C-alpha cells in the first residue's frame, strides 16, 4: 500500500481533472444519506465543506482499496477520476454544518490544552479548518473524530504519511475523547 500512496497523492494534487460542482451534485445524491452532518449513521464523517484535495485523495484511496472502510467497499468502483473530482468539488462547495453537540466546558478545556500540546493547529491550521490534503476538523462529528484518532493511535489507519500515528502515540482514550469534543464544538 505504501508504494501506491505517491501515485494516489500525485493524482489528488494534479491540476487535472477539475471538479464540476453540478456533476458532483448529481453523483452525490446517494452519498448524502450517510455523509450529511445530521445523518443518523454513527462514526460517519460529514463531508460538507471539507478540503477538496483531501476529499479527492480519500476517494481515490477508497476506490483503489488502499483505505479499508468495509461499508464503502465497492461503492466507488466504476467511477472515473473525473467523477471523483466532481464529488470532491461538490462537497467542498457545501457550507460546513456542525452537527448538534452539547458542550461540556471541562472536556473542552482539557481538549484545548491537548490540542496545543499536540500541535493540532500546525497542520490543520488555526481554527482547524484544514488545508489542501489536511482535513478540516471543525463541524465534524465527535464520534467520528474520536474513532479516527484512536485508529491512528492504534495503527489501524494512516494518512499519506505517519504523522498522525506519531501524534496520537500513547494518547489515552479519555484524552482523545476530550480532544474530539473540543474539535467538534469549535465556534
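Structural remarks
- Selection status of residue 98, in contact with a helix residue (DSSP H, G or I) (Cβ under 6 Å, 6 or more places away or on another chain) and either in contact (Cβ under 8 Å) with a residue 60 or more places away in the chain or part of a loop (DSSP other than H, G, I, E, B) (or both): no
Residues checked against (1) crowded, with 19+ Cβ neighbours inside 10 Å; (2) outside any helix (DSSP H, G or I); (3) modelled with pLDDT of 95 or more; (4) on the phi < 0 side of the Ramachandran plot:
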| residue | (1), (2), (3), (4) |
| --- | --- |
| 55 | yes, no, yes, yes |
| 61 | yes, no, no, yes |
| 79 | no, yes, yes, yes |
| 84 | yes, no, yes, yes |
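- Candidates 102, 170, filtered to the one that is at pLDDT below 95 and either in the same structural domain as residue 62 (by TED's automatic domain parsing) or exposed (fewer than 13 other Cβ atoms within 10 Å of the Cβ) (or both): 102
Table: residues versus (1) at pLDDT below 90; (2) touching a helix residue (DSSP H, G or I) at 6+ places or on another chain (Cβ under 9 Å); (3) assigned by TED's automatic domain parsing to the domain that holds residue 35; (4) under 19 Å from residue 34 (Cβ atoms).
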| site | (1), (2), (3), (4) |
| --- | --- |
| 119 | no, yes, no, no |
| 128 | no, yes, no, no |
| 136 | no, yes, no, yes |
| 143 | no, yes, no, yes |
| 148 | no, yes, no, yes |
| 154 | no, yes, no, no |
| 161 | yes, yes, no, no |
| 164 | no, yes, no, no |
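- Among residues of region 119-137, those that are surrounded by 19 or more Cβ atoms within 10 Å (Cβ to Cβ), over 10 Å from the mean Cα position of the chain (by Cα) and touching a residue at least 24 places away in the same chain (Cβ under 8 Å), counted: 2
- If the condition is being more than 15 Å from the chain's Cα centre (by Cα), part of a loop (DSSP other than H, G, I, E, B) and surrounded by fewer than 14 Cβ atoms within 10 Å (Cβ to Cβ), then region 66-77 contributes 73, 74, 77.
- Here residue 95 meets the list (1) modelled with pLDDT under 95; (2) surrounded by 14 or more Cβ atoms within 10 Å (Cβ to Cβ) almost entirely, failing just condition (2).
- Residue in region 149-167 that is crowded, with 21+ Cβ neighbours inside 10 Å, in contact (Cβ under 8 Å) with a residue 60 or more places away in the chain and in a helix (DSSP H, G or I) present: no
The values are calculated or read from the model by the stated rules, or taken from the named source; none is laboratory data. Computed from a predicted model, the values in this text were never measured in an experiment. Cβ atoms come from the backbone with ideal geometry, glycine included; neighbour counts cover every protein chain shown.
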